[in-house]
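*Asks:* Take a look at this one; I'll ask things after.
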Amino acid sequence: MSSMEIDFKQYQLRCQLRGHEDDVRGICVCGSEGIATSSRDRTVRFWSLDSSDKRKYVSSKMLLGHSSFVGPLAWIAPDEEFPEGGIVSGGMDTMVFVWDLRTGEKVQSLKGHQLQVTGVVLDGGDIISSSVDCTLRRWRKGQPVESWEAHKSAIQAVIKLPSGELVSGSTDTTLKLWRGKTCLHTFSGHTGKYPAPQIYHALFLLDSTLTFVDCADTVRGLGVMHGLGILSASHDGSIMLWAQSGEVLMVMVGHTSIVYSVDAHVSGLIVSGSEDRFAKIWKDGVCVQSLEHPGCIWDAKFLENGDIVTACSDGVVRIWTVDQENIADPVELEAYASELSEYKLSRKSVGGLKLVDLPGLEALQIPGTSDGQTKIVREGDNGVAYSWNMREQKWDKIGEVVDGPDDSMKRSVLDGVQYDYVFDVDIGDGEPIRKLPYNRSDNPYDTADKWLLKENLPLSYRQQIVEFILQNTGQKDFNIDPTFRDPYTGCEYNMFSVLTFAVGSPLYSYSYWLLRGMLVFDAAQFDGILKKISEFNNTLLADSLPNILYALTYLLGFPAWFTLAATCYTIIILLHLCGSLGLSFSYNGSIDILVKEKKDLSLTEPEISRLGAIVKILKDTSHYHTSRFADVDIALLLKLLKSWPVAMIFPVIDMLRMTILHPDGATVLLRHVEVNDVVMEMIMKATTDPALPANLLTSIRAVTNFFKNSSYYGWLQKHRSDILDAFSSCLASPNKNLQLAYSTLILNYAVLLIEKKDEEGQSHVLSAALEIAEQETLEIDSRFRALVAIGSLMLEGLVKKLAMDFDVGNIAKAAKASKEAKIAEIGADIELLTKQS
């Protein structure tokens, strides 16, 4: 069957390619030669058809050289230079490598990007690469030819059209069409505000000028739709088809999370891969099949014959086919169905306990110890509750337990009203825990709106609250409201502070586990910061000693009436004076005064104005998505941190703390950090003993705010040991703000290192959190956050056994006995964890 004759039939699993040790991030179809895949495990693998079974592929080459995870790939067809073809790869390590498949060796290393490489594509004999550093670069024969800033934010993808133009997609929400370095057209339209596909077609036919122009979302993936135009995938959950003129021809909505990739086949089929674990197949704008996976789908591509290749976060590459002769044998199909079932079960909970952790029916062979004792056991895919009947010496079946956390066996009560759930929300920055009530019959959007108004919180939190509610009530099939537009920012989803949610569930639940997100310190008194910088600047100006220096120069001129004794005596006095002022001079035939006046450290009028402009940007949070920092802005702050006396730097650190929360401010700062780690220099300067409390507080809060931006995760992980050691003295401080900041830093590290599966780092953080939690007289919120970190590390991390070795049970008991309700609750949760195998 030729590719042009393919009609849609249901895809089924053809084979699974195992070999990568971590997420598979990218796919490259290498003609009929095979398939190349990239991974978070830092490798590229080349897969060739298995000569003994035409349905399968085998790993024939493993390409080693990247120092961090590998993403985009491109195929070099066989030629004189590459008789068996070649591969181009781009990585998180900022490098672009060219590989010769005949030898498996790296033949070119293209260095020039400042940040992660997100796309590579061939343009004739040239290589075009895109990067988070906002640039496109052209390489020829291993050398840079040209580069240009193609977008104002990170570029996420680049493709080449059959007509020869390039298309780039960016975090700035746009696509751009390029001929050389000339931008021919900018496409804007990923808004998250779409009618149903069939309605969109009707509207478009009625009015070809119809557009939806809202604050848009990141363009993550690009593809070519043969004979029609350009495909784009977005964080807003949609896929769009564009004509090269910029018209939107089709919008496909169906994914419930970020869409990472999109590809098309000459048959007219489209495939997309998403964070929601589905590869969706589209025909004429309608989703005709969803291929479920046991993890996120980073990439999806069509083979020439119409088969589909998917790259999954479970480290497995899968190929799907409609050809009955190539479908996997029944044993493998059954095994995959079982794998999916096990994966879903591993994420399913009953009364707050993982279903897979429940005992089987054999547990009912053990008699109960008291009348009415309850036991929950696993029966198939459900949890069933039994009660011990002491008189008849048997277990009586009560009934099936509803999957947690929506367990309704005991409803929560808030202000005298019963709810299906009452969630705890930690705003951070010393704010009290707030209660968010919810019933399954409620509309989560209405609930979020009313709660935000009641709590006087920004409506920009709305979407995160909705997603949290849906995730933790099992309402995965709820239709996401596409109409929300933040009245302050104009965006669907634009946060400048991060809420941290904690799950509260009535039976066998963990009340406060931190599921996602980081705590930050986002409150600032900007006027006070500027005032303090101005005061210190005036001090520096006043400390300059022009009169003394004039007198010194005059005195050392040896006037005629000076006797030798007087001269020597004067020099001795002035030596002492110079030493006390931090000045120096030398005598070599004549007296040369070498003076570094404090006046040189003071700010100029333009610099003072520049600081005012920085504060103006930081105050205007409603325009964070569009406002930009110049490199000189960040350079000015870093100059002050480096040159000003240590006693004067804390207001500068505080301004930097807020700059970190600005998307562009963090991006510009990152460029400086990667060249010269000025942040670690600041930490060392601010924490060197004897450290000033103001320096400690502002610097630890600044470091904590780095967790808001995932671009800094690698830096935070790399310097984890030095950072925690530098701030460890905060625990012993009587300053409650310092204690809270240190606990927050520990909690953020726990979340990060759980995500990164960093066992060594988790062990370090666990040790620090246990030290905090042992302090029963510590400020309540500080101790609470440390306990949340411990519980999260035990529940989701890799260090539960280590926690048991550290006698976490006694810490849990002490917390459980606390008069503070939230400390007692989390203590009970940790104690429950210690009793589970």
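The values are calculated or read from the model by the stated rules, or taken from the named source; none is laboratory data. In this text, all values refer to a predicted model and were calculated from it rather than measured experimentally. Cβ placement follows ideal geometry from the backbone for every residue including glycine, while neighbour counts extend to all protein chains displayed.
*Asks:* In the set Leu747, Leu798, Leu802, Leu731, which member is part of a loop (DSSP other than H, G, I, E, B), of a type in the set (A, V, I, L, M, F, W, C) and out of contact with any Gly (no Cβ under 8 Å at 6 or more places or on another chain)?
*Replies:* Unique residue meeting the criteria: Leu798.
*Asks:* Another one. Which one of these does Ser52 not meet: (1) at pLDDT below 95; (2) surrounded by 13 or more Cβ atoms within 10 Å (Cβ to Cβ); (3) of a type outside the set (D, E, K, R)?
*Replies:* Against the list (1) at pLDDT below 95; (2) surrounded by 13 or more Cβ atoms within 10 Å (Cβ to Cβ); (3) of a type outside the set (D, E, K, R), Ser52 comes up short only on (2).
*Asks:* In the stretch 64-89, which residues are in contact with a Gly (Cβ under 6 Å, 6 or more places away or on another chain) and closer than 11 Å to Ser38 by Cβ?
*Replies:* His66, Val70, Gly71, Pro72, Leu73
*Asks:* Would you point out the residue of the stretch 818-834, among those that are surrounded by fewer than 19 Cβ atoms within 10 Å (Cβ to Cβ) and among the charged types (D, E, K, R), that is nearest to Glu796 (Cα to Cα)?
*Replies:* So, considering only residues that are surrounded by fewer than 19 Cβ atoms within 10 Å (Cβ to Cβ) and among the charged types (D, E, K, R), the one nearest to Glu796 (Cα to Cα) is Glu831.
*Asks:* So which of Ser68, Ser60 ends up being touching a strand residue (DSSP E or B) at 6+ places or on another chain (Cβ under 6 Å), surrounded by fewer than 19 Cβ atoms within 10 Å (Cβ to Cβ), hydroxyl-bearing (Ser, Thr, Tyr) and part of a loop (DSSP other than H, G, I, E, B)? Step through it out loud before you land on a result.
*Replies:* Working: Ser60 fails: part of a loop (DSSP other than H, G, I, E, B).
Residue meeting the stated conditions: Ser68.
*Asks:* Among the strands (runs of 3 or more DSSP E) confined wholly to the stretch 208-309, which include 2 or more residues that are in contact with a helix residue (DSSP H, G or I) (Cβ under 8 Å, 6 or more places away or on another chain) and crowded, with 21+ Cβ neighbours inside 10 Å? Walk me through it before giving the result.
*Replies:* Working: elements: 219-225, 229-234, 238-242, 248-253, 259-264, 270-274, 278-283, 286-292, 297-302.
Ranges flagged: 248-253.
*Asks:* Still on this model: Among the residues of the stretch 674-686, write down those that are of a type in the set (Val, Ile, Thr) and crowded, with 18+ Cβ neighbours inside 10 Å. Quick ask: steps written out before the conclusion?
*Replies:* Kept after step one, since they are of a type in the set (Val, Ile, Thr), are these residues of the stretch 674-686: 675, 678-679, 683.
Listed by number, the residues that qualify are Val678, Val679, Ile683.
Quick grid of which residues meet (1) in the same structural domain as Ile790 (by TED's automatic domain parsing); (2) surrounded by 18 or more Cβ atoms within 10 Å (Cβ to Cβ); (3) without any contact (Cβ under 8 Å) to a residue 40 or more places away in the chain:
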residue: Ala691; (1), (2), (3): yes, yes, yes
residue: Asn695; (1), (2), (3): yes, yes, no
residue: Ala702; (1), (2), (3): yes, yes, no
residue: Lys718; (1), (2), (3): yes, no, yes
residue: Phe727; (1), (2), (3): yes, yes, no
residue: Leu731; (1), (2), (3): yes, yes, no
residue: Leu745; (1), (2), (3): yes, yes, no
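*Asks:* Out of all the residues in the stretch 119-129, which are modelled with pLDDT of 95 or more and either among the hydroxyl-bearing types (Ser, Thr, Tyr) or assigned to a loop (DSSP other than H, G, I, E, B) (or both)?
*Replies:* Ser129
*Asks:* How many of the residues in the stretch 685-702 are in a helix (DSSP H, G or I) and farther than 20 Å from Ala635 by Cβ? Break it down stepwise before answering.
*Replies:* Of the stretch 685-702, the ones in a helix (DSSP H, G or I) are 685-687, 693-702.
Next cut, farther than 20 Å from Ala635 by Cβ only: 687, 693-697, 700-701.
Looking only at that region, the number is 8.
*Asks:* I've got another one for you. For the condition modelled with pLDDT of 90 or more, among the aliphatic types (A, V, I, L, M) and farther than 11 Å from Ala786 by Cα, what is the one hit in Leu747, Leu753, Leu766, Leu731?
*Replies:* Working: Leu747 fails: farther than 11 Å from Ala786 by Cα; Leu766 fails: farther than 11 Å from Ala786 by Cα; Leu731 fails: modelled with pLDDT of 90 or more.
Checking each option against the conditions leaves just Leu753.
*Asks:* Right, another one. Can you find a residue that is closer than 30 Å to Val58 by Cα and loosely packed, with under 15 Cβ neighbours inside 10 Å anywhere in the stretch 344-359?
*Replies:* Kept after step one, since they are closer than 30 Å to Val58 by Cα, are these residues of the stretch 344-359: 344, 346.
Next, only the ones that are loosely packed, with under 15 Cβ neighbours inside 10 Å stay: 344, 346.
Yes, there is a match, as at least one residue in the stretch 344-359 is closer than 30 Å to Val58 by Cα and loosely packed, with under 15 Cβ neighbours inside 10 Å.
*Asks:* Output the number of residues of the stretch 373-413 satisfying the condition of being in contact with a strand residue (DSSP E or B) (Cβ under 8 Å, 6 or more places away or on another chain), surrounded by fewer than 13 Cβ atoms within 10 Å (Cβ to Cβ) and modelled with pLDDT under 70.
*Replies:* Within the stretch 373-413, residues that are in contact with a strand residue (DSSP E or B) (Cβ under 8 Å, 6 or more places away or on another chain), surrounded by fewer than 13 Cβ atoms within 10 Å (Cβ to Cβ) and modelled with pLDDT under 70 number 1.
*Asks:* Also: So how many residues does the stretch 102-159 have that are over 26 Å from the mean Cα position of the chain (by Cα) and within 21 Å of Thr626 (Cα to Cα)?
*Replies:* Going through the stretch 102-159 one residue at a time, the tally reaches 1.
*Asks:* Okay, moving on. Are there any pairs with C-beta distances below 7 angstrom linking a residue in the stretch 772-788 that is in a helix (DSSP H, G or I) and at pLDDT 90 or above to a residue that is basic (Lys, Arg) and buried (at least 23 other Cβ atoms within 10 Å of the Cβ), with the two at least 6 apart or on different chains, and if so which?
*Replies:* Ile772/Arg783; Ala773/Arg783
*Asks:* Give Ala769, Ala803, Ala815 a once-over and let me know the one that is in contact (Cβ under 8 Å) with a residue 40 or more places away in the chain, crowded, with 24+ Cβ neighbours inside 10 Å and among the aliphatic types (A, V, I, L, M).
*Replies:* On the way: Ala769 fails: in contact (Cβ under 8 Å) with a residue 40 or more places away in the chain; Ala803 fails: in contact (Cβ under 8 Å) with a residue 40 or more places away in the chain.
Of the residues listed, the single one that is in contact (Cβ under 8 Å) with a residue 40 or more places away in the chain, crowded, with 24+ Cβ neighbours inside 10 Å and among the aliphatic types (A, V, I, L, M) is Ala815.
*Asks:* Exactly one of these conditions fails for Thr321: (1) under 27 Å from Asn472 (Cα atoms); (2) in contact with a strand residue (DSSP E or B) (Cβ under 6 Å, 6 or more places away or on another chain); (3) buried (at least 19 other Cβ atoms within 10 Å of the Cβ). Give me its number.
*Replies:* Of (1) under 27 Å from Asn472 (Cα atoms); (2) in contact with a strand residue (DSSP E or B) (Cβ under 6 Å, 6 or more places away or on another chain); (3) buried (at least 19 other Cβ atoms within 10 Å of the Cβ), only one is false for Thr321: (1).
*Asks:* Please identify the pairs in which a residue from the stretch 364-378 that is of a type in the set (Lys, Arg) has its Cβ atom under 9 Å from the Cβ atom of a residue that is assigned to a loop (DSSP other than H, G, I, E, B), counting only partners at least 6 apart or on another chain.
*Replies:* Lys375/Pro359; Lys375/Ile366; Lys375/Gly368; Arg378/Leu358; Arg378/Pro359; Arg378/Gly360
*Asks:* Could you please find all residues in the stretch 126-141 being in contact with a strand residue (DSSP E or B) (Cβ under 7 Å, 6 or more places away or on another chain) and either among the hydroxyl-bearing types (Ser, Thr, Tyr) or surrounded by fewer than 17 Cβ atoms within 10 Å (Cβ to Cβ) (or both)?
*Replies:* If the condition is that a residue be in contact with a strand residue (DSSP E or B) (Cβ under 7 Å, 6 or more places away or on another chain) and either among the hydroxyl-bearing types (Ser, Thr, Tyr) or surrounded by fewer than 17 Cβ atoms within 10 Å (Cβ to Cβ) (or both), then Asp126, Ser129, Ser130, Ser131, Thr135, Arg140 are the ones that fit.
*Asks:* Identify, please: which residue in the stretch 34-57 is part of a loop (DSSP other than H, G, I, E, B) and in contact (Cβ under 8 Å) with a residue 60 or more places away in the chain and is, among those, nearest to Lys756 (Cα to Cα)? Walk me through how you get there before you give the answer.
*Replies:* In the first step, residues of the stretch 34-57 are kept if they are part of a loop (DSSP other than H, G, I, E, B); the result is 40-42, 50-56.
Next, from what is left, pick out any that are in contact (Cβ under 8 Å) with a residue 60 or more places away in the chain: 41, 54-55.
Details: Asp41: 12, Lys54: 37, Arg55: 35 Å.
That would be Asp41.
*Asks:* Taking the stated definitions as given, is Leu101 crowded, with 22+ Cβ neighbours inside 10 Å and either assigned by TED's automatic domain parsing to the domain that holds Val29 or over 20 Å from Glu21 (Cβ atoms) (or both)? It would help to see each step written out before you state the result.
*Replies:* Working: crowded, with 22+ Cβ neighbours inside 10 Å: yes; either assigned by TED's automatic domain parsing to the domain that holds Val29 or over 20 Å from Glu21 (Cβ atoms) (or both): yes.
Against the criterion (crowded, with 22+ Cβ neighbours inside 10 Å and either assigned by TED's automatic domain parsing to the domain that holds Val29 or over 20 Å from Glu21 (Cβ atoms) (or both)), Leu101 qualifies.
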